[in-house]
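The values are calculated or read from the model by the stated rules, or taken from the named source; none is laboratory data. No experiment lies behind these values; they were computed from the predicted model shown. A quick note on method: Cβ atoms are made from the backbone with ideal geometry, for glycine too, and the neighbour counts reach across all protein chains shown. Areas reflect the complete protein model, heavy atoms only, side chains present, ligands, DNA and RNA absent. Shrake-Rupley method; radii C 1.70, N 1.55, O 1.52, S 1.80 Å.
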Amino acid sequence: MNVALVIIFATIGISAGVGIFAGRRVKMNLENWTVAGRQFGLILIWLLMAGEIYTTFTFLGASGWAYSKGAPAFYILIYGALAYTLSFFILPALWRVGKRHGLHTQPDYFVKRYDSRSLGVFVALVGVFSIIPYLQLQLAGLGFIVEVASDGAIPSNTAIIIAFVLTCVFVYTSGLRGAAWVAIIKDVMMLVAVGVVGIGVPIIYFGSPGKMFEAVMAKMPEHLIFPGSTPNMDVGWVMSTVLLTGLGFYMWPHVFGSAFSAKSDKIIKRNAIIMPFYQIPILLIFFVGLTAFLVIPELKNGDMAFLELVNRTYPPWFMGFVGAAGAVTAMVPSAILVLFASTLLAKNVYQAAFRPHAKEETVLRLSRIMVLVITAFALVFAIFFPNELVNLLILGYDGVCQFFPGVVLGLFWKRVTKEGVFTGLVIGLAIVAFLILTGRDPFLGMNAGFVGLIGNGFFTMVVSLTTKPKRLDIV
Amino acid sequence: MRGGYMKKKGTKLALLFGAVPFIMLVLALPLVNRIEPVILGLPFLLFWILTWVMLTPPILFAAYLCEKRFNKTKEGESE
């Protein structure tokens with residue numbers, strides 16, 4: 001009997017059960033489904049936001065980066081703190097606009113603020129285009145973790161199909177509430193896994209984290225300062241990258257939308273204050289990557305560092321626990337991604353472009369159908385073309401960051417116009433696509449998305465000043 | 001709300017506090033990209049980053065108190 005297998009399947013099953021249970025007794029309408037009726041208090045919002053931030057990338061990528069790149073990985077620790085600081089100033093105002101006008105999604109905001117349905121459709125399409133590769137990455141991470149953790153007993157594709165189909169069942173039934181409840185399980189398991197491994201491995205191999213750092217400094221001190229073990233991730237790259245990812249973080253359609261689920265603007269503000277504490281586990285994940293750097297320097301794939309080190313250090317049942325934690329860690333963000341991609345397609349593309357007078361029940365029914373469509377689509381891609389979409393992820397991330405001027409200027413600057421936002425957005429996206437697709441990222445030592453954002457902000461303001469603003473009553 | 005947001009004293013003070021993480025965690029990076037001195041076992045760069053990440057909650061709490069104290073409208077001004 002493979003203990004790891006039992007732990008992994010039990011966790012996936014229980015999580016799905018909790019997710020489905022979360023929506024019981026709730027009369028489902030679009031408001032309840034997408035933004036949980038704007039009822040979440042401080043704890044659920046915190047868990048939900050953390051659920052979005054701590055993805056399989058954090059697990060595997062942060063340790064992998066610390067392992068193979070060194071100091072540039074620290075950007076992950078920094079950008080979160082910047083994102084939360086910004087959210088303290090931006091999200092409460094956004095929440096109030098959302099509440100006043102009954103908004104559910106990011107494109108809803110653009111439609112309302114700029115009085116332009118076409119801008120909304122455009123933003124929705126860019127959003128969905130960016131979400132799909134992100135979802136793909138979660139599925140790939142899930143399959144990878146479960147396969148390695150079960151020592152091959154559960155093949156990657158089996159894990160992906162089972163976990164993702166169940167995820168979509170609870171998204172279908174419970175909407176955002178399902179994701180928030182499952183996030184509780186996910187958070188506890190992830191914190192235990194990261195805590196045990198992150199504190200454990202430096203002590204087991206070196207006596208203490210301090211001694212582990214001494215060993216790294218003896219072996220290769222430059223690994224611990226920028227640019228670490230990379231040729232081009234120097235201070236300029238880190239500065240532009242943390243700015244871009246910090247500004248862009250809440251521009252992800254699913255993170256943006258979840259902010260509307262808070263009970264009040266005050267809850268959102270207090271949440272921003274406590275969010276940075278959630279960065280501590282990232283430090284522990286770095287410890288794991290750096291320990292692996294010393295103990296198992298021969299790995300070809302840095303993303304294996306965490307799992308390989310656990311495999312060498314702990315009994316198989318704990319490996320199963322890590323695999324289970326990894327699986328739920330992928331399920332929660334996947335759920336939220338699917339939910340918002342579906343709502344964007346149903347409400348902000350289909351309804352806005354073709355059926356402006358569709359009833360809310362129709363939009364909800366369509367959103368739920370889109371959950372099934374996106375699930376099928378993502379599964380086909382994950383199984384048959386696993387590597388095609390992941391390459392687009394950077395494009396997606398740098399893409400959603402281009403919403404920043406439109407969102408923030410829309411909240412705080414009277415003069416901004418839809419023409420300005422449209423122009424800035426198109427120029428920003430064009431710069432990003434050009435630099436990335438022609439292999440010019442980093443550009444002059446700066447992150448390509450950041451270069452795009454500068455062009456975007458500039459043109460948004462210039463064009464806004466030459467056009468006439470309207471709808472000043474919105475914010 | 002609109003337009004008046006930036007003009008309130010509490011908001012200005014809060015924004016000043018809000019600038020601190022950006023100064024320390026972005027602008028200051030070229031100055032702290034070094035290993036020595038090692039503090040609490042951490043190389044200086046990581047120690048610096050960790051310190052300011054952990055100081056962000058108290059800084060934001062101070063910003064919160066400023067807004068509460070100096071802005072006349074109550075903070076939970078939703079309908």
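Observations, loosely collected:
- Criterion (within 13 Å of A:Cys168 (Cβ to Cβ), assigned to a helix (DSSP H, G or I) and open to solvent by 10 Å² or more (accessible area, probe 1.4 Å)) met by exactly one of A:Leu339, A:Leu364, A:Leu372: A:Leu372
- Residue in the range A:114-135 that is within 27 Å of A:Arg24 (Cα to Cα), surrounded by 23 or more Cβ atoms within 10 Å (Cβ to Cβ) and either in contact with a helix residue (DSSP H, G or I) (Cβ under 6 Å, 6 or more places away or on another chain) or hydroxyl-bearing (Ser, Thr, Tyr) (or both) present: yes
- The one condition from (1) modelled with pLDDT of 95 or more; (2) under 30 Å from A:Pro221 (Cβ atoms); (3) buried (at least 17 other Cβ atoms within 10 Å of the Cβ) that B:Ile59 does not meet is (2).
- Residue match in the range A:184-204 (condition: assigned to a helix (DSSP H, G or I), open to solvent by less than 30 Å² (accessible area, probe 1.4 Å) and within 13 Å of chain B (Cβ to nearest Cβ)): yes
- Residue list for the range A:410-432, filter: closer than 22 Å to A:Phe249 by Cβ, open to solvent by less than 30 Å² (accessible area, probe 1.4 Å) and assigned to a helix (DSSP H, G or I): A:Gly410, A:Leu411, A:Val421, A:Gly424, A:Leu425, A:Gly428, A:Val432
- Residue satisfying all of: in the range B:21-39; open to solvent by 40 Å² or more (accessible area, probe 1.4 Å) and more than 7 Å from chain A (Cβ to nearest Cβ); modelled with the lowest pLDDT among these: B:Glu36
- Scanning the range A:76-124 for residues that are under 30 Å from A:Ile282 (Cα atoms) and in a helix (DSSP H, G or I) yields a total of 21.
For every residue, the table says whether it meets (1) part of a helix (DSSP H, G or I); (2) among the aromatic types (Phe, Trp, Tyr); (3) open to solvent by 30 Å² or more (accessible area, probe 1.4 Å).
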position	(1), (2), (3)
A:Tyr350	yes, yes, yes
A:Ala353	yes, no, yes
A:Arg368	yes, no, yes
A:Ala382	yes, no, no
A:Leu392	yes, no, yes
A:Gly399	yes, no, no
A:Phe403	yes, yes, no
A:Val408	yes, no, no
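- Within the range A:52-65, considering residues that are under 14 Å from A:Leu307 (Cβ atoms) and among the aliphatic types (A, V, I, L, M), the one modelled with the lowest pLDDT: A:Leu60
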